[in-house]
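These notes are about the structure you will find just below.
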Amino acid sequence: QARKSAWWPSAALGIRMGKDKGAGAGGKAAAAKAKSEAAAVAAAKEKGVEMMECRHILVEKHSKALEILEIINSGKMGFNEAAREYSIDKAGKSGLLGWKRRNELDQDFWNAALEVPEGKYTQEPVKTQYGYHIIMVQGRK
């Protein structure tokens, strides 16, 4: 599989929802849902998001993050369970960071989270100074 030169936002962050992997979801309904989610993300960015409630899974290696994504996407484990099992950040339960402002998060983390519709998570690991994150956005204010 060809690797993209930029890991960053929309193109590289294929985004999925917990158990709804989009497989088999067909035609117009799936396209309308994707368009609606993209519009919600754009509206949130346009109005200026002040805070986001996020969960994350933090690991040291890119390969480990990809392995965890495969486990979650296959349905073998949910996001929260994977966070408890694999994340090296044990500060939050099930990866919960809570409500955070822009200045409380790494800028790369914040920017990647802006691209994720609420209730979904990144499909590519996000690199920050702390390691590699899989980010789930639960809410925005």
| query | Ranked by accessible surface with a 1.4 Å probe, highest first, in what order do K120, K76, K141 come? | reply | K76, K141, K120
| note | For E70, the accessible surface traced by a 1.4 Å probe with all protein chains present amounts, in square angstrom to the nearest 10, to 130
| field | Reduced Cα scattering model of the stretch 55-141, Debye log10 I(q)/I(0), q = 0.11 Å⁻¹ | value | -0.25
| said: What aspartates and glutamates does K127 reach when the alpha-carbon gap must be under 18 Å and sequence neighbours fewer than 8 apart in one chain are set aside? | reply: E60, E67, E70, D89, E104, D106, D108, E115
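The values are calculated or read from the model by the stated rules, or taken from the named source; none is laboratory data. None of the values given here were measured: they were computed from a predicted structure. Side chains included, ligands, DNA and RNA excluded: accessible areas come from the protein's heavy atoms. Shrake-Rupley method; radii C 1.70, N 1.55, O 1.52, S 1.80 Å.
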